[in-house]
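Working notes for the structure below.
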Amino acid sequence: MIILRGGTVLTMDARRRVRRADLLVDGGRIARVGNFRAPRKAREIDCSGKAVLPGLIQAHVHLCQALFRNLADGLPLLAWLSRRIWPLEAAHDPRSLGFSARLGIAELLLGGTTSVLDMATVRHTEAVLRAAEEGGIRYTGGKCLMDAGRGPLRESASQALGETVRLGRKWHGAAGGRIRWALCPRFALSCSPKLLGEVRALSEREGWLVHTHASESREEVDAVRARTGVDNVVYLDRLGLCTRRTVLAHCVHLRGDEIRILARSGTSAVHCPAANLKLASGIAPVPRLLAGRVNVALGADGAACNNTLDAFHEMRLAATLHLPRYGPRAVSAAEVLAMATVRGAQALGLSGEIGSLEEGKKADIAVVDLSGPHCQPLGADLHGTIVYCARASDVTDVLVDGRAVVRDGRLLTLDAARLAAAAPAEAERLCARN
Ligand SMILES: [Zn+2]
């Protein structure tokens, strides 16, 4: 049992209530939120002067690219992929891939992100899953599927599908349900219609999420239209891939009918503002997506195109980027925090389990110190303080499944200092193989 005592709880429940309350964690779940006498055996975390948030959820990341940080700057999407990312992913061996995933997980947990939807690379996927198992993060993800186009990662559809089924059956539900499998076709241009059709059938049969990229850059959207004769989301919908179990990263360049398809089908879109800016892809029409009742989650994408995995950076961008075009009230701080919590949970198909701090839900929690000069004085809207002022480095404590993984700013599951110190040599070895 753990009691988080004396904090201000941003519940992110349906009414977005903010309460001065204690929170009791028992058996991996939130047992009580309110004012009550603590059971004697509960271990106490002093949260006075701090905000207690649902653990942040990033619905689009690539742990395999954490080691490519600062190695792929100054390129647009398709050149960035073919010249830098695919060769670097192809150069991974199980050791460098596991290292990259641990480096990414360390950054994520220390910054309050407790759940990710990840896209691994094509080979050695189990190295990522083992890192997630050890690091203690809530992980949904899978092997990247690529059977079309050029490049060193391409494999046959039967090879790609055979391996994804084998790994999915082995890993889905591992670590007490903390690890879940997802089908991860890279994007329309890297996948044959046959492979995408099989992905749809597998998702239906196994209940696995489909996690892919869509409509990130103008060049990509034009190439999809040239190949298929229709817009990207229309193409995916015709293949039966727009469903409640599908998560589309980016959705920057969409037409009105594509937004209606996402809303009608319950397909989630993941807003990745930092990556969209850095690859010069564009700005997703988030206010239009929200007005059209599309579920929008948030993600940092990868350290190779961002160059951090900092959820606070994404939140601040999401809360400000759209205002010049749509007006100063177009996207509220509470709405942005919802993208990083409850809406992320919905994208992952975990609404009943995570995303808000309510009794009975899993105890995935981030505690944020608001005493720093950059947060003071606090305003009336604490959602605003978190989104506009707070930083990843303000996170002091993190729980996943009721287990403390960060305590007083120190990661307990992995040696973050050792990972950072060893990263240059690991990156050098990877580049030498590339
Ligand atoms: Zn991505």
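The values are calculated or read from the model by the stated rules, or taken from the named source; none is laboratory data. Since we're looking at a predicted model, the values are computed, not measured. Positions of Cβ are backbone-derived with ideal geometry, glycine not excepted, and every protein chain shown enters the neighbour counts. Only protein heavy atoms, including side chains, enter the accessible area calculation; ligands, DNA and RNA are left aside. Shrake-Rupley method; radii C 1.70, N 1.55, O 1.52, S 1.80 Å.
Failed condition for residue 104, given (1) in a loop (DSSP other than H, G, I, E, B); (2) closer than 23 Å to residue 273 by Cβ; (3) among the small types (Gly, Ala, Ser), with all others met?
(1)
Rundown of residues vs (1) within 16 Å of the ligand (Cβ to nearest atom); (2) in contact (Cβ under 8 Å) with a residue 40 or more places away in the chain; (3) assigned to a helix (DSSP H, G or I), yes/no style:
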residue	(1), (2), (3)
182	yes, yes, no
189	yes, yes, yes
197	no, yes, yes
202	no, yes, yes
210	yes, no, no
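Tally time: how many residues in region 59-71 are in a loop (DSSP other than H, G, I, E, B) and closer than 21 Å to residue 215 by Cβ?
The total comes to 1.
Is region 324-334 home to any residue that is in a helix (DSSP H, G or I) and small (Gly, Ala, Ser)?
yes
State which residue is nearest to the ligand (Cβ to nearest atom) when the search covers only region 280-297 and only residues that are among the hydrophobic types (A, V, I, L, M, F, W, C), in contact (Cβ under 8 Å) with a residue 12 or more places away in the chain and farther than 20 Å from residue 120 by Cβ.
So, considering only residues that are among the hydrophobic types (A, V, I, L, M, F, W, C), in contact (Cβ under 8 Å) with a residue 12 or more places away in the chain and farther than 20 Å from residue 120 by Cβ, the one nearest to the ligand (Cβ to nearest atom) is 284.
Note down all Cβ pairs under 8 Å where the first residue falls in region 60-73 and is within 12 Å of the ligand (Cβ to nearest atom), the second is charged (D, E, K, R) and open to solvent by less than 10 Å² (accessible area, probe 1.4 Å), and they're at least six residues apart or on different chains.
Close Cβ pairs satisfying both conditions: 60/301; 61/118; 61/301; 62/118; 62/301; 63/118; 64/89; 65/89.
Every residue in region 15-25 that is touching a Ser or Thr at 6+ places or on another chain (Cβ under 8 Å) and in a loop (DSSP other than H, G, I, E, B), please.
17
Scanning for something open to solvent by 60 Å² or more (accessible area, probe 1.4 Å), of a type in the set (A, V, I, L, M) and in contact with a Ser or Thr (Cβ under 8 Å, 6 or more places away or on another chain), does region 345-359 turn up at least one residue?
no
Which number in (1) touching a Leu at 6+ places or on another chain (Cβ under 9 Å); (2) closer than 28 Å to residue 256 by Cβ; (3) away from the ligand (no atom under 16 Å from the Cβ) marks the one condition that residue 355 misses?
Failing condition for residue 355: (2).
Return yes or no: is residue 114 outside any helix (DSSP H, G or I), crowded, with 24+ Cβ neighbours inside 10 Å, in contact with a helix residue (DSSP H, G or I) (Cβ under 7 Å, 6 or more places away or on another chain) and among the polar types (S, T, N, Q)?
no
What is the one condition in (1) open to solvent by less than 10 Å² (accessible area, probe 1.4 Å); (2) modelled with pLDDT of 95 or more that residue 48 does not satisfy?
Residue 48 satisfies all of (1) open to solvent by less than 10 Å² (accessible area, probe 1.4 Å); (2) modelled with pLDDT of 95 or more except (1).
For residue 331, only one of the following conditions fails: (1) touching a His at 6+ places or on another chain (Cβ under 8 Å); (2) hydrophobic (A, V, I, L, M, F, W, C); (3) open to solvent by 30 Å² or more (accessible area, probe 1.4 Å). What is its number?
(3)
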